[in-house]
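Before any comments, here is the structure.
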Amino acid sequence: MKRAAAALVLLLLCAGRDARGDGFGASAEMRIGAATAPFFTEPIAEVESELTQARSMILVAWFGIRPRVIVGGRWPAAPSLVKQPAGSYVDEKAFASPELFVEDPAALRASLGDLAVRAGVRFAVGLPLAQHGPSATLARNQTLAISDALDGWRNPELYTPGVLPFTLSARGQLARPGSRWRVDAALELPVLVRVHDASLPHEARTRAVGFVPHAEIGGALALARWVSVELSSHVAVHAPAPVAPVRDVGRSGAAHLGIEPRVTFALTPRLELVTSYTAAIAGPLRDTYSFAIGLAYRRE
Amino acid sequence: MRIAASGAALLLATACGDYFMVCPPADEAALEALPARLSQTGLDGDGVLAYRPSFELWSDGATKRRWLWLPPDTTIDTRDMDDWQFPIGTRVWKEFSRGGVPIETRLIQRIEGGWAAQAYVWTADGADAVATPTGYVDAGGTTHDVPGAGECAACHGGRGSFLLGVSAVQLSHAAEEDEVDLAGLVARGLLSEPPDPSGFAVPGDDTERAALGYLHANCGHCHNQVRPSSDCFDPRNDLDFWLQVGRLDAPADTPTYATAVGTVIAPGEPGPVFSKLIDRAGSRTIFYRMPPLGAEEVDQAALAILRRWIAEME
């Protein structure tokens, strides 16, 4: 199954070299920090990864197949260390669920006075390949939950094992042409359909369908042609969570609120280096923070 | 400052892929050898011997009881009196209680090729305990954390014998009526090379014996120079707190004095500034505390003994 998925993605990538349309691009991001999040079993009601032990990685590749139609994929990994009850750590890296998407980056172009509005929409389907188990220790389940928390629950379609995710999302920008600032907003609506129990114990309260929408809004300012700064805030809501917590450890609540300042460096006209810091402000993921660094290449 | 230094060290260690607190996950195949419930493990069976070590591991004040069972017609290989080797099938149990209520009972069993270990968490009605290889955070409504199955080797794997409390030094005391001690094991013919039944006394006055014993029980399983090869909680230094039967003539003969006094212990200076052992034993700061596992609170009584011991050193 994994090989078939990898082959399909490679095929798409190779086909994209000669495709007409909106070019192609790729990006890689690694996030590292500390995460604490509610977990969904009786014995381990909270997962924790201290200092630099929480990590997530996402690779993205896309290419245009037609004007205004982009296809691509995301490949995530959860290489976090998981704190165990007595204080040791387990290094049980887990592959998360890859995702294929189709996107129209310019579904909407409009003007509001002297402001330009642009919005794109994306539809994605994930492959339920996230590693989980082993059932005795749930080490990989814990690793995935930590990486999911590190991302502020903004990518549950990638980090939730045992579900087939369908995600509809939209991303928009508001800016005055020629100015240095812009406002960004995004809305993601992942629907997570359970396909297997992901080695979870019998007392785990899995749901047939989980829904974890998240929204993000922020502003960006170009300080110079080669550097811009951004500040955004995001909220993610378990409505409902794909697996409900079994034991209350004081991290109840369905909504997570986070903040993310970001600095982007244009290394070349096509290559960007992005650095960011993300911190939980309120909700069950408090005590979670991370630093991220990424490279993004785009040719249009 | 200390946390920042610890964090910086951790970051560097992580970047270099050299992080000593990372242990392998539990061996699922080994866990399959263990029953799902404590009542199925044979704890209530014939031949189970209660025992108590002379010096106990600090577990945030939990009350503990221990039992040993050897398969019939087997003996413990005691050719190395400091590192007993146990026959396949050997089982030991250790029960942890808070306020008189059992929270968990740990089982270690000798299997082909090594050991299998996990904890059994008691049900609310106290009828039985259920295998919990994931461990359990804040079990039984207390602050007691039950270790995950993969964490057992973090401490027990520091000695080839694996059973830290079943040893010549630890059983060299007069046991209670319903318990077995070294003399009892000798009398039952359970040791292949039986020592003198009077056992091996830890040298020194009361303070010295208490300090040496505490360090043996709480530190020696990691800090010793014959630990099996493993990256998991290998301190990678020269400290040795494991008491050896051949080095008990006087306190100064022990590996503790030979390796710790003058390095992490400044004689006559019981404060944390000069005696790093006091600093770390009195800390619960992440990545700095000693011992690093299994306790959330400082053992204040033991710390007082260690301070007095160091203060009285010349």
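So here's what we get for this one:
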quantity	calculated
Count of residues meeting criterion [more than 15 Å from the chain's Cα centre (by Cα) and either closer than 28 Å to A:ALA45 by Cβ or assigned to a strand (DSSP E or B) (or both)] in region A:208-231	16
Residues that are under 20 Å from B:ARG289 (Cβ atoms) and of a type in the set (A, V, I, L, M), drawn from region B:208-265	B:ALA211, B:LEU215, B:ALA217, B:LEU239, B:ALA260, B:VAL264, B:ILE265
Unique residue being surrounded by 18 or more Cβ atoms within 10 Å (Cβ to Cβ) and out of contact with any helix residue (DSSP H, G or I) (no Cβ under 7 Å at 6 or more places or on another chain) when the list is B:ALA281, B:ALA260, B:ALA252, B:ALA266	B:ALA266
Residue match in region B:35-58 (condition: buried (at least 20 other Cβ atoms within 10 Å of the Cβ), among the small types (Gly, Ala, Ser), within 13 Å of another protein chain (Cβ to nearest Cβ) and touching a residue at least 24 places away in the same chain (Cβ under 8 Å))	no
Residue ranges of strands (runs of 3 or more DSSP E) in region A:40-86 with at least 2 members open to solvent by less than 30 Å² (accessible area, probe 1.4 Å) and modelled with pLDDT of 95 or more	A:46-66, A:69-78
Qualifying positions in region B:85-141 - more than 22 Å from B:GLU179 (Cβ to Cβ), among the polar types (S, T, N, Q) and surrounded by fewer than 20 Cβ atoms within 10 Å (Cβ to Cβ)	B:GLN85, B:THR123
Subset tally (residues that are closer than 14 Å to A:ALA280 by Cβ and modelled with pLDDT under 95) for region A:220-253	2
Considering residues of region B:284-310 that are open to solvent by less than 40 Å² (accessible area, probe 1.4 Å) and β-branched (Val, Ile, Thr) only, the residue nearest to the other protein chains (Cβ to nearest Cβ)	B:ILE286
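The values are calculated or read from the model by the stated rules, or taken from the named source; none is laboratory data. All figures in this text were calculated on a predicted structure; none of them were measured in a lab. Neighbour counts run over all protein chains shown; Cβ positions are idealised from the backbone, glycine included. Just so you know, the surface numbers come from the protein's heavy atoms only, side chains and all, with ligands and any DNA or RNA stripped out. Shrake-Rupley method; radii C 1.70, N 1.55, O 1.52, S 1.80 Å.
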